[in-house]
Amino acid sequence: AKIKQVEFVKSSARARDCPKDERPEFAIVGRSNVGKSSLINSLVKKKEFALTSKKPGKTQLINHFLVNKSWYIVDLPGYGFANASQSMRTDWSSFTKGYFLNRDTLVSVMLLIDASVPPQQIDLDCANWLGRNNIAVTFVFTKCDKVKGGKGSRKDENIKQFQELISKYYQEPPPWIMTSCVTGLGRDELLLHMSQLRNY
Ligand code: GTP
Ligand code: MG
């Protein structure tokens, strides 16, 4: 499951511009500012690999990163940032939905959910759409360092509520992992999970 080598391959504005080889890939998806780029940086153990920013909406393209020359991590634009115009939002959904529905090499969408806040409607909408379209999903709860751990913490409550609210969209509850880019929580578990999904 170890990442020995990673290289940026390309940024694509449309699904049909993505790399055309048969390597399996995982799409990192979530609300703007949820920590997508930070998670990628933490997985590959490079600080500035996928560009992170406090300013939402930084990642605007489909970015392919090739890992160990054998599989891809894909960084997608965040959805739902407050200042996006209606046309930007429509663009987001048409181009990413096109990608989800047509990308045969997509093994699982890694849907990032901020564990430090209660379930957000836009995340529920995204989970609903992916579930109804039978797209394989793994829930990756981010920022688990920001809320106190232990029994009955707000983080556990937020995660439990989210899972209850999306259960009706899925035949089987999707796998889920708690992570933090600050403490490294969940990093190894996530890498192992992805290697099991790839079958090697
Ligand atoms: P867009 O590219 O705009 O969609 O955002 P993104 O999802 O890539 O978020 P990004 O990785 O840029 O992180 C947004 C902010 O959240 C940054 O200030 C990060 O430092 C912070 N952040 C990300 N992950 C964590 C985490 O695990 N814990 C804490 N405490 N902060 C985090
Ligand atoms: Mg980003």
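The values are calculated or read from the model by the stated rules, or taken from the named source; none is laboratory data. Keep in mind that this is a model prediction, so the values were computed, not measured. All Cβ positions, glycine included, derive from the backbone under ideal geometry; neighbour counts span all protein chains shown.
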Revision key, fill the gap. If we take the range 52-161, then strands (runs of 3 or more DSSP E) inside it with 2 or more residues that are within 13 Å of ligand 1 (Cβ to nearest atom) and at pLDDT below 95 are 62-67, 71-75
Exercise for review: Count, please, the residues in the range 115-134 that happen to be over 18 Å from residue 153 (Cβ atoms) and surrounded by 17 or more Cβ atoms within 10 Å (Cβ to Cβ).
Suggested key: 5
